[in-house]
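Worksheet: one structure, shown below.
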Amino acid sequence: MTRWRLGQILLAVLALTAPAGADDMPPAGHFIEIDDARIRYVDEGSGPAVLLLHGASSNAEDMRLALGEHLTGFRAIYVDRPGLGWSERPDVDWTPEREAALLAQLIERLEIEDPVVVGHSWGGAITMRLAIDHGDRLRGVVLIGAPLHSGVGEAAWYNRASRWFGIGPLITRVIIPLVGPRRIDAGLEETFSPEPIPDGYAEAVQVNRVFRADVFKANAEDMAQVNAHLANQENFYSRVTLPAVFLAGDSDGVVFTHRHSMPVAATMENAELIVRENWGHMLHHGSPEIVVDAVRRLHSAGDN
């Protein structure tokens, strides 16, 4: 193969993984600029406020698909976490502290009054950081299958490799966009187990977006440092007095309930733990009414 031909193939692949443009619009929502980054959010309904944060490798459409029809009577704000979905990430070393600070700005800019924050998976870890640093702005938190303690194991090789000098761009811009989509079905089965994948989930949430170079890089940046991030905040959980509801499943094969939700909830004075045997990691899809009930109770408790 000639050098020119190889160059043309690489250019074509890079074009497929270029940053979002005018022809790559999100399914709904608005953008707000915070810290020189465009953040996408969807603001629906009216009433007591609920801020919803998705997990790793995902975007706001996951939470919106699971809970949108069930949050009648609430103002629901779904956010693409910085760097994921259609949001940008500020060009600085990214940490949960920085993400929580950006979300606190978003709460202020959008005039979100006393929200209950619902965080799933890594979004739950960010929610806990928000409670630690900015709890005075919140009504309460709901944590769904959240990883909270360090020592969760090594990050996947591709997340670590994406940060390697020289080879990182090859991983994020060529290998992942070609190989990643082939793993969508198997990855979703593992994540949803033991519950079924909702019909049309991958298309509705646009799961393949995580394989775009910019999005994959941001997600890998989070996951490659997950143990260090959690080590930096796990000693503060017991100081959180904000009302909290932990929702977790005995059948969660992604984040082990006995290692995370159970011990952390036991250290917090205003925490409630709800665990069910048949719940997996994506329980907000199978049991959305439980999530909404927790939100409703936290808002009602704050009015007493």
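The values are calculated or read from the model by the stated rules, or taken from the named source; none is laboratory data. It should be emphasised that the depicted structure is a prediction, and the values quoted were computed from it without experimental measurement. Here the Cβ is made from the backbone with ideal geometry for all residues, glycine too, and neighbour counts use every protein chain on show.
The single residue among 216, 246, 211 that is of a type outside the set (Gly, Ala, Ser) and within 22 Å of residue 76 (Cβ to Cβ) turns out to be 246.
Is it the case that residue 294 is loosely packed, with under 15 Cβ neighbours inside 10 Å and either outside any loop (DSSP other than H, G, I, E, B) or not acidic (Asp, Glu) (or both)? Write out each step before concluding.
Working: loosely packed, with under 15 Cβ neighbours inside 10 Å: no; either outside any loop (DSSP other than H, G, I, E, B) or not acidic (Asp, Glu) (or both): yes.
Judged against the criteria, residue 294 is not a match.
Selection of the range 28-55 for residues being over 13 Å from residue 79 (Cα atoms) and outside any strand (DSSP E or B) yields 35, 36, 45, 46, 47, 48. Please determine whether any residue of the range 122-130 is modelled with pLDDT of 95 or more and either at positive phi or out of contact with any Leu (no Cβ under 7 Å at 6 or more places or on another chain) (or both). Yes, that holds for at least one residue. When you check residue 251 against the structure, is it surrounded by 15 or more Cβ atoms within 10 Å (Cβ to Cβ) and hydroxyl-bearing (Ser, Thr, Tyr), yes or no? It is true that residue 251 is surrounded by 15 or more Cβ atoms within 10 Å (Cβ to Cβ) and hydroxyl-bearing (Ser, Thr, Tyr).
Filtering the range 51-86 to residues that are within 13 Å of residue 106 (Cα to Cα) and hydrophobic (A, V, I, L, M, F, W, C) leaves 51, 52, 53, 77, 79.
Taking the range 234-244 as the range and being within 25 Å of residue 301 (Cβ to Cβ) and not aromatic (Phe, Trp, Tyr) as the test, the residues that pass are 238, 239, 240, 241, 242, 243, 244.
Would you check which residues across the range 205-247 are of a type in the set (Gly, Ala, Ser) and within 26 Å of residue 42 (Cβ to Cβ) and list them?
Step one: filter the range 205-247 for residues of a type in the set (Gly, Ala, Ser), giving 213, 218, 220, 224, 228, 231, 238, 244.
Correct list: 213, 218, 220, 244.
Sub-8 Å Cβ pairs linking a first residue in the range 90-119 that is surrounded by fewer than 18 Cβ atoms within 10 Å (Cβ to Cβ) to a second residue that is of a type in the set (Lys, Arg), at least 6 apart or interchain, are 90/98; 92/98; 97/129; 104/137; 108/137; 114/137; 114/139, ordered by first then second residue. Just one of (1) without any contact (Cβ under 8 Å) to a residue 40 or more places away in the chain; (2) closer than 25 Å to residue 280 by Cα fails for residue 65. It is (1).
Within the range 238-248, the set of residues being surrounded by fewer than 17 Cβ atoms within 10 Å (Cβ to Cβ) and either polar (S, T, N, Q) or under 20 Å from the mean Cα position of the chain (by Cα) (or both) comprises 238, 241.
For (1) free of Cβ contacts under 8 Å to residues at least 12 places away in the same chain; (2) farther than 29 Å from residue 188 by Cβ, each residue gets a yes or a no:
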residue: 241; (1), (2): no, yes
residue: 255; (1), (2): no, no
residue: 259; (1), (2): no, no
residue: 262; (1), (2): no, no
residue: 266; (1), (2): yes, yes
residue: 285; (1), (2): no, no
residue: 291; (1), (2): no, no
residue: 299; (1), (2): no, yes
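Could you tell me how many of the residues in the range 254-271 are surrounded by fewer than 16 Cβ atoms within 10 Å (Cβ to Cβ) and either under 27 Å from residue 72 (Cβ atoms) or of a type in the set (S, T, N, Q) (or both)? The qualifying residues number 2. For the structure I just gave you, tell me whether residue 242 is under 20 Å from residue 146 (Cβ atoms) and assigned to a helix (DSSP H, G or I). Considered against the rule, which asks whether it is under 20 Å from residue 146 (Cβ atoms) and assigned to a helix (DSSP H, G or I), residue 242 comes out as no.
Here are 148, 84: which of them is in a loop (DSSP other than H, G, I, E, B) and closer than 15 Å to residue 242 by Cβ? Reasoning before the result, please.
Numbers: 84 fails: closer than 15 Å to residue 242 by Cβ.
Only one candidate passes the filter, namely 148.
The set of residues from the range 267-289 being closer than 25 Å to residue 64 by Cβ and either assigned to a loop (DSSP other than H, G, I, E, B) or aromatic (Phe, Trp, Tyr) (or both) comprises 278, 279, 280, 281, 282, 287.
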